[in-house]
1. Please list, ordered by chain and number, the residues whose modelled amide H lies under 5 Å from the amide H of Val324; skip anything fewer than 5 residues away on the same chain.
2. Considering Cα pairs under 8 angstrom that are at least six residues apart, work out the relative contact order of the chain and quote it in whole percent.
3. When ranked by the protection proxy of mean other Cβ atoms within 10 Å per residue, highest first, what sequence do the peptides 219-226, 329-336 form?
4. Thr394: accessible area at probe 1.4 Å, nearest 10 Å²?
5. Can you pull the one-decimal nm distance between simple spin-label points at Glu207 and Asp100, each 7 Å off the Cα toward Cβ?
6. Quick one: order Thr352, Thr230, Thr119, Thr96 from most to least accessible surface, probe 1.4 Å.
7. Binning at 10 Å from 0, report for segment 306-366 what percent of all alpha-carbon pair distances ends up in each bin.
8. List the relative contact order of segment 88-168 as a percent without decimals, with contacts defined as Cα pairs under 8 Å and 6+ residues apart.
Amino acid sequence: MSLHLPDGSTLAYGAATASYQIEGASTEDGRGVSIWDTFAARPGAIRDGSDGSVACDSYHRYEEDADLLAGLGVGWYRFSIAWPRIVPEGTGRVETRGLDYYDRLVDALLARGVSPTATLYHWDLPQALEDRGGWLERSTAEAFADYAMVVHERLGDRVGVWATHNEPWCAAYLGYAAGIHAPGRREGGRAHVAAHHLVLGHALAAERLHAAGVTDVGMALNLAPFWPETPEAEAAADGIDAIRNRLWLGPLVDGAYDDGLLAVAPELADPAVVRDGDLELARGSADWIGINYYTPFRPAVPDPSIPVHHELDAYPGAAPVSIVVREPRTDIGWEVDARGLEELLVETHARTGLPLVVTENGAAYPDDRLVEGAVGVIDDQDRIGYLRDHVAATERARAAGADVRAYILWTLLDNFEWAEGYTKTFGVVQVDPKDQTRTPKASYRWFAEHIAGAG
Ligand code: FCB
């Protein structure tokens, strides 16, 4: 087992999941209600009307999932902790049975030679905190740091690599501006306040984890490579770039929100929101940066012939642009171009000087073909092609000097894909919703062989 980031001598490999997407058992062992339970129950919120109450039932099948990881030969498993299992009301009483589950999971991984890396917040906020204002309230950031330490106290002897948040841009802006993720609020520029509280929550937790001796605290960011169609589009898209990219790296690297960001997000210039010391605390608080990458981002000057992406609601204050999406695309409509990952890794390393991990990368495809002669095995050559190209892009970034330690695939299992429900599959293992049978796809075999060959 390793309590530290891989050393980077060769690229390490891993697979990722998230609690609400795979665990199920949503009312078991004292788990509190999460904002995703509440949001998924809202008519029309989830494409197929589903929720994560059963999902992949990994709460009960974690041994089998650990076997699948061992079969892949990955050195790392990136999972997330469900805050409502640990602190059901968000603050106060700790639920030991929730901690027991992650304790068992970590031991199951270690028994198979897989090192755990835990994400503390992959979007399942306790509903009790949302009822008190959620991430719009500073107290949620403070509660997050307390919860982080409860988890660390139990698992810290066996988990050394921690991510505080997963894709805080989504948590703030899809959750509180576009309203397409939980908690489904449309608060306009107030979402910038949520963003600051996510940054602050990270910084408060990192400070305390560091004080407890942790050396590898990071955050998984879905930064976007910006490929403007024209120089005019580049200027027009500056606000979007600021909210999607600079808002997160600025505090971590410079201890500041830049002027271009403040121009579109005046809420971040309010001293009642961003208090003295907040940004200083954030500066230097990350030991590594996680990059979740799926697709490039091509802004164009607003053009009625280009359908405006619904996520544009998620950039309050920024000038509107159109988003061009070229072919080829995956089943979820995201353009495929591995050069975006290479560029992002090289640029993020240059910007931060920090070790990087590809904390997520993968593709949704329809999975509608079977391998001839192999009963029920999905022949996902498209997913194999996607993964192969992106692993190669990661290696190119390393060759260009970016300190990338690991490539972690999204995802081990077909699972609850947030607002898309179970309609989009990203797994290298198929999960039968009727009986939870797990069947590795051709991509699972490909990844296992690639890892074995990479030695
Ligand atoms: C990312 C999420 C992850 C998964 C992939 C497809 O935005 O972090 O949970 O849904 O997208």
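1. The answer is Arg298, Ala300.
2. It rounds to 18 percent for the chain.
3. Top of the packing list down: 219-226, 329-336.
4. Surface accessible to solvent at Thr394 totals approximately 0 Å².
5. Those two pseudo-labels are separated by 3.5 nm.
6. Thr96, Thr230, Thr352, Thr119
7. For segment 306-366, the pair-distance distribution reads 17, 34, 41, 9.
8. 47
The values are calculated or read from the model by the stated rules, or taken from the named source; none is laboratory data. Just so it is clear, the structure is predicted and the values come from calculations on it, not from any experiment. So basically every Cβ, Gly included, is an ideal-geometry build from the backbone, and we count neighbours across all protein chains shown. For accessibility, only protein heavy atoms count, side chains too; no ligands or nucleic acids. Shrake-Rupley method; radii C 1.70, N 1.55, O 1.52, S 1.80 Å.
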